[in-house]
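Participant: Just passing along the structure, written as structure tokens.
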Amino acid sequence: MAININSVYKAVLVVLQQEKRGVLTPVEFNKIAAQSQQEIYTSYFDELNQLLRMPQTSLAYADRMALLDEKIQIFKRVETKTTAAVGGFPATTLSNVNELGSVIYLAGGTAPGREVQRIQKQDVYTVNESPLTAPTAFYPVYTYENNVLTFYPSTLPLGANISVNYLAFPVDPVWGFEIEPNLGNYIYNAQNSVNFEIHQSDQPLLVDKILGYAGVMTKDQLALSLATGKEQQINVDNQK
């Protein structure tokens, strides 16, 4: 479930008012909100790398890997594309791709099809030179550069369906508004707004990050800052 952007903006404004830090305009908020969401999204993969090195638990409600997978699941996409001629080869264009997953060539137009192997652009010539590795209509390969999937061999039929699995970037949040004609106040407009896409459990962290960019250091941020400083000092002392 998405995080409502109006709820986050209200929470941020309340804290700013209590701290007497002035007003964060919608334009400023939208820029900070997009940056904060992107940082939290990126942290999912850093956390995943750390968890893969640690022992896991299968206890209900304590499985951190399951929760993290639930967060990443929000950005998993499956899209069917159609190939067209680009530079003499069948190709298709993707957008908003963070991490490309499996690419399935649907030779008959429908599932199950077969998974296509990815090769690097610099390997195209070498792969085609050997009869053992040269791609065929039954075992095609592809390259992925500049958001374009290019398929080999060139004899593959155009208009073929390609099923692409990938992780998408989160869409930038937008707190849409109208200006009240008499008082000049900002009025929330849900129809022109875009909610946060990250997991709802990250709402407190999201508010915390936005406040940090707005110049307000919460108690959690202060404690984290002090702990980090202390840890760095201990590391320095141990190296003496």
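The values are calculated or read from the model by the stated rules, or taken from the named source; none is laboratory data. Predicted model only: the values in this text are computed from it and were never measured. So basically every Cβ, Gly included, is an ideal-geometry build from the backbone, and we count neighbours across all protein chains shown. Only protein heavy atoms, including side chains, enter the accessible area calculation; ligands, DNA and RNA are left aside. Shrake-Rupley method; radii C 1.70, N 1.55, O 1.52, S 1.80 Å.
Participant: Averaged over every viewing direction, what's the projected area of the C-alpha convex hull for segment 63-120? Give it in nm², one decimal, please.
Facilitator: Approximately 5.9 nm², given one-decimal rounding.
Participant: What FRET efficiency comes out for the pair Thr133/Leu183, r = Cβ-Cβ distance, R0 = 51 Å, nearest 0.05?
Facilitator: Using R0 = 51 Å, I get an efficiency of 0.10.
Participant: Kindly give the semi-axes, whole Å and largest first, of the ellipsoid equivalent to segment 72-222, taking each as the square root of 5 times a Cα gyration tensor eigenvalue.
Facilitator: 45, 19, 14
Participant: When the accessible area of segment 116-162 is split by element with a 1.4 Å probe, what percent falls to carbon and sulfur?
Facilitator: Ligands and nucleic acids excluded, carbon and sulfur give 54 percent.
Participant: If you scale each eigenvalue of the Cα gyration tensor by 5 and take the root, what three semi-axes come out for segment 8-147, rounded to whole angstrom and sorted largest first?
Facilitator: Working through the eigenvalues yields semi-axes of 43, 23, 15 Å.
Participant: Still on this structure, please answer the following. Rolling a 1.4 angstrom probe over the protein heavy atoms, how many square angstrom per residue are accessible across segment 88-149?
Facilitator: Accessible surface, normalised per residue, equals 61 Å².
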